[in-house]
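Asks: One structure, pasted below without further comment.
The values are calculated or read from the model by the stated rules, or taken from the named source; none is laboratory data. Everything numeric in this text was worked out from a predicted model, so none of it was measured. Neighbour counts run over all protein chains shown; Cβ positions are idealised from the backbone, glycine included.
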């Protein structure tokens with residue numbers, strides 16, 4: 001503040017209230033983003049359990065996979081960088097695999113298109129791919145938004161994101177190897193083509 005007259009500045013500053021930022025708006029936004037994280041984690045858990053109900057061979061795998069989303073919601077409640085990073089890694093890895101390798105998301109949208117235009121579906125369970133893909137993109141948006149709102153971001157957080165990606169991959173490969181081992185050969189064939 002440029003002062004022309006020191007006496008005027010004293011009078012002027014004593015008449016004004018000090019500036020206090022509106023923290024209610026920030027808290028409201030944070031609670032909405034946290035609510036979105038809860039909703040989209042619960043939504044994906046719902047997709048996992050419903051698809052596991054119809055395809056019993058993957059139910060145990062989906063039960064263990066849903067634990068990741070419970071952890072993401074719990075850690076996000078604590079505003080943990082690890083929670084955001086694990087959620088971002090899981091949603092990114094799942095969407096990348098199901099968009100570019102298995103085409104599960106595209107097949108889900110194809111079933112949705114058949115339902116809308118022809119009133120039928122050839123493989124109704126594939127519709128879960130579209131729902132899960134959209135859910136993950138929305139979850140990613142909430143997690144990224146929540147992370148950007150943190151006041152203590154640092155360059156070293158990139159190691160948390162890298163560690164989370166490794167942790168999520170190891171957990172996912174581990175539960176597949178234990179609970180659905182015949183899928184592991186198909187998964188490795190996609191990544192290590194000769």
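Asks: Spot the failing condition for residue 115; the list is (1) more than 19 Å from the chain's Cα centre (by Cα); (2) closer than 26 Å to residue 30 by Cβ, and only one is missed.
Replies: Among (1) more than 19 Å from the chain's Cα centre (by Cα); (2) closer than 26 Å to residue 30 by Cβ, residue 115 violates only (2).
Asks: How many of the residues in the stretch 152-165 are loosely packed, with under 11 Cβ neighbours inside 10 Å and not in a helix (DSSP H, G or I)?
Replies: Residues in the stretch 152-165 being loosely packed, with under 11 Cβ neighbours inside 10 Å and not in a helix (DSSP H, G or I): 4 in total.
Asks: Then there is this: Looking only at the stretch 55-71, decide whether some residue is at pLDDT 95 or above and within 11 Å of the chain's Cα centre (by Cα).
Replies: Yes, the stretch 55-71 contains at least one residue that is at pLDDT 95 or above and within 11 Å of the chain's Cα centre (by Cα).
So that you can scan it fast, the table gives a plain yes or no per residue for (1) modelled with pLDDT of 95 or more; (2) within 18 Å of residue 40 (Cβ to Cβ):
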| site | (1), (2) |
| --- | --- |
| 84 | yes, yes |
| 90 | yes, yes |
| 98 | no, yes |
| 126 | no, no |
| 138 | yes, yes |
| 157 | yes, no |
| 160 | yes, no |
| 167 | yes, no |
| 176 | no, no |
